[in-house]
Amino acid sequence: MTAADVLIYCGAIEPVLAAMVPALRPGGLAAFSLEAHDGEEALFLRPSLRYAHGVAATREALLAAGLKILRYETADLRMDRGSPITGILVVVRRPAV
């Protein structure tokens, strides 16, 4: 599964992961991006109507969903109104049975 600039329109990541994990075959990969923030809250809605997900909270959600994190890093995703938008780049694997 690959989703670039898709999950920024979803709020809480936990329901997305709950649907994604069983859809992946054992050993299957998922790669996606999220807009990021470093605050304490799990997420917030930006004026752009895109969600910013907490870096630490997202990592915790991935692990709680039972996914193995292969790559997890922040990077500038794009420019928006002259300012860089920092995001999280994620590659995870569903563990083999």
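The values are calculated or read from the model by the stated rules, or taken from the named source; none is laboratory data. Values in this document were obtained by computation on a predicted structure and should not be read as measured data. Counting neighbours? That spans all protein chains shown, and the Cβs are built from the backbone with ideal geometry, glycine included.
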Those residues of region 21-48 which are of a type in the set (A, V, I, L, M) and touching a residue at least 24 places away in the same chain (Cβ under 8 Å), in sequence order: VAL21, LEU24, LEU29, ALA30, ALA31, LEU34, ALA36, ALA42, LEU43, LEU45
Number of the condition not met by ILE8 [criteria: (1) of a type outside the set (Ser, Thr, Tyr); (2) outside any strand (DSSP E or B); (3) surrounded by fewer than 16 Cβ atoms within 10 Å (Cβ to Cβ)]: (3)
Output for region 67-97, where each listed residue is among the charged types (D, E, K, R) and more than 20 Å from GLY54 (Cβ to Cβ): LYS68, ARG81, ARG93, ARG94
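Yes/no matrix, rows are residues, columns are (1) surrounded by fewer than 17 Cβ atoms within 10 Å (Cβ to Cβ); (2) more than 10 Å from the chain's Cα centre (by Cα):
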{"site": "ALA19", "(1), (2)": "yes, yes"}
{"site": "PRO22", "(1), (2)": "yes, yes"}
{"site": "GLY27", "(1), (2)": "yes, yes"}
{"site": "PHE32", "(1), (2)": "no, no"}
{"site": "ALA42", "(1), (2)": "no, yes"}
Some residue of region 65-79 being modelled with pLDDT of 95 or more, out of contact with any Phe, Trp or Tyr (no Cβ under 8 Å at 6 or more places or on another chain) and surrounded by 15 or more Cβ atoms within 10 Å (Cβ to Cβ): yes
